[in-house]
1. Quick one: which helices (runs of 4 or more DSSP H) lie wholly within the stretch 324-373 and hold at least 1 residues that are in contact with a Lys or Arg (Cβ under 9 Å, 6 or more places away or on another chain), exposed (fewer than 15 other Cβ atoms within 10 Å of the Cβ) and assigned by TED's automatic domain parsing to the domain that holds residue 450?
2. Please count how many residues of the stretch 194-233 are buried (at least 18 other Cβ atoms within 10 Å of the Cβ) and part of a strand (DSSP E or B).
3. Residue by residue through the stretch 119-160, note down the ones that are closer than 17 Å to residue 20 by Cα, among the polar types (S, T, N, Q) and part of a loop (DSSP other than H, G, I, E, B).
4. Among the residues of the stretch 431-444, count how many are surrounded by fewer than 20 Cβ atoms within 10 Å (Cβ to Cβ) and touching a helix residue (DSSP H, G or I) at 6+ places or on another chain (Cβ under 9 Å).
5. Given (1) out of contact with any strand residue (DSSP E or B) (no Cβ under 6 Å at 6 or more places or on another chain); (2) more than 26 Å from residue 185 (Cα to Cα); (3) among the aromatic types (Phe, Trp, Tyr), identify the lone condition not met by residue 127.
6. Select the strands (runs of 3 or more DSSP E) contained entirely in the stretch 1-91, then report the ones holding at least 1 residues which are farther than 29 Å from residue 349 by Cα.
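The values are calculated or read from the model by the stated rules, or taken from the named source; none is laboratory data. From a predicted model like this one, the values you see are computed outputs, not experimental measurements. For neighbour counting, all protein chains shown are included, and Cβ atoms are generated from backbone atoms with ideal geometry for every residue, glycine included.
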Amino acid sequence: MLLNRQVFPAAKTYPEKVLQFGEGNFLRAFVDWMFHELNKKGDFNGSIVAVQPIDRGMVNMLNDQEGLYTLYLRGLKNGQAESTHETIDVISRGIDPYVDFAAYLQTAENPEMRYIISNTTEAGIAYNEKDQPTDAPPASFPGKLTVWLNHRFKTFNGDEAKGVHIIPCELIEKNADNLKRIVLLLAEKWQLGEGFVNWLNTACTFSNTLVDRIVPGYPKERIAEITEELGYEDRQVVEGEHFHLWVIEAPENLQKELPFPSIGLDVLYADDLTPYRTRKVRILNGAHTALVPVAYLYGIDFVRESVEHPVVGKFLRDEIFEEIIATLDLPKEELEQFANEVIDRFRNPFIKHALMSISLNSFSKFETRVLPSVLKYKERLGTIPQRLSFSLAATIAFYKGKRGDETIALNDDAHVLELMKNVWSKADGSEASLQELVREVLAYEKVWKKDLNQVEGLAEAVANHLINIEKNGMKQAVETLVGEQAVA
């Protein structure tokens with residue numbers, strides 16, 4: 001039997017207060033769960049209408065289950081493996097605006113509608129010059145949103161009390177600022193009027209956000225086990241980790257309306273989320289990127305095994321705690337706590353995260369996630385960070401495309417693959433040829449946005465590490481660097 005409100009009679013019904021663009025795994029395991037918790041532990045008393053932002057999606061499946069789904073949270077909690085599950089009843093219904101545009105617009109007429117959430121992928125917040133106000137619906141998310149906001153403005157005759165809080169969750173910097181810019185651009189292009197623009201600026205708020213929770217999604221491999229455990233079929237099951245963090249640049253009235261922190265959720269209202277974004281990118285994403293070539297060439301295939309390995313795990317911890325943290329501006333205690341949480345997340349026994357799945361576009365990832373730590377470390381301490389520069393050398397070695405006799409399935413932009421194929425074809429194994437290889441790679445401004453040979457000591461450090469890796473192999477090179485050998 002399929003999950004619905006007859007199968008699960010404990011499900012409650014709430015007034016619709018949240019319009020959500022996106023019905024996918026991440027929002028259901030993150031934001032929707034938080035509103036569910038706010039209903040249980042606070043006095044929010046509200047539900048979510050999920051809008052399908054593109055012409056293909058899952059609202060029909062969601063409606064088949066009357067908005068209900070099961071959320072499994074699995075991972076390390078206080079150092080112990082823990083798996084919990086709960087039926088989430090916060091979604092009232094889903095709407096496909098491509099099928100029922102009238103139902104979509106009618107939600108703007110609801111006086112209790114107050115919050116707009118979105119997660120339409122990084123490409124979702126983009127201007128589409130083909131969008132028209134008469135489209136039903138416009139193709140882009142900003143286009144759909146602008147039409148909806150204008151309809152609400154007209155319905156309530158510009159009543160400022162009927163403004164909304166817009167809280168995008170797309171993984172781009174300044175997501176709300178970019179969204180508002182496009183909405184205002186469309187308002188001007190479509191000649192929606194000065195009154196509408198004034199209402200947008202005074203009655204509505206756009207809050208930049210940072211979201212953080214690993215959501216593997218639908219647990220296909222163990223769905224039979226889940227169905228037996230639940231006693232019914234749930235086609236919308238979603239899995240996530242226990243860790244969660246939502247940083248929101250929110251006005252004071254939004255903080256009062258959505259008191260997530262007061263019920264124990266890791267939601268941080270901040271004047272500026274930049275330091276938290278930098279912390280996440282450099283510690284979480286940066287550690288992932290710096291780890292991959294080192295661990296994979298060492299002979300390890302998965303993140304958890306890498307972190308728990310006596311040599312590679314120590315390398316990663318030293319890299320984070322001694323080099324990356326030294327480049328950040330938040331209190332050291334706070335940074336170390338976050339770093340320890342990241343390590344536990346990497347050790348999640350319920351997630352099998354392949355290193356090769358993280359290796360996509362390693363050079364561009366290194367430029368955005370790791371290189372800033374290298375440069376800031378050099379600026380602050382006057383020396384080149386040994387482990388971070390080792391990771392850069394390991395990345396260069398990784399792009400040789402071989403792990404022993406095994407060919408590595410490199411996945412990157414064609415120009416990067418061509419560069420690495422060319423430089424490695426010219427290297428004859430001599431120290432001089434490897435030094436020249438490093439100089440040529442570091443000079444490739446199309447990736448690095450600058451000639452890294454101009455960073456004093458960097459080319460020398462990377463070349464020395466690469467020579468060590470090529471001469472002695474990754475295992476010995478890492479063991480020498482961390483001063484520890486693996487137990488045979």
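1. The qualifying helices (runs of 4 or more DSSP H) are 332-346.
2. The number of residues fulfilling the criteria is 6.
3. Passing the criteria: 119, 120, 121, 140.
4. Number of matching residues: 8.
5. If we test residue 127 against (1) out of contact with any strand residue (DSSP E or B) (no Cβ under 6 Å at 6 or more places or on another chain); (2) more than 26 Å from residue 185 (Cα to Cα); (3) among the aromatic types (Phe, Trp, Tyr), just (2) comes out false.
6. 16-21, 47-51
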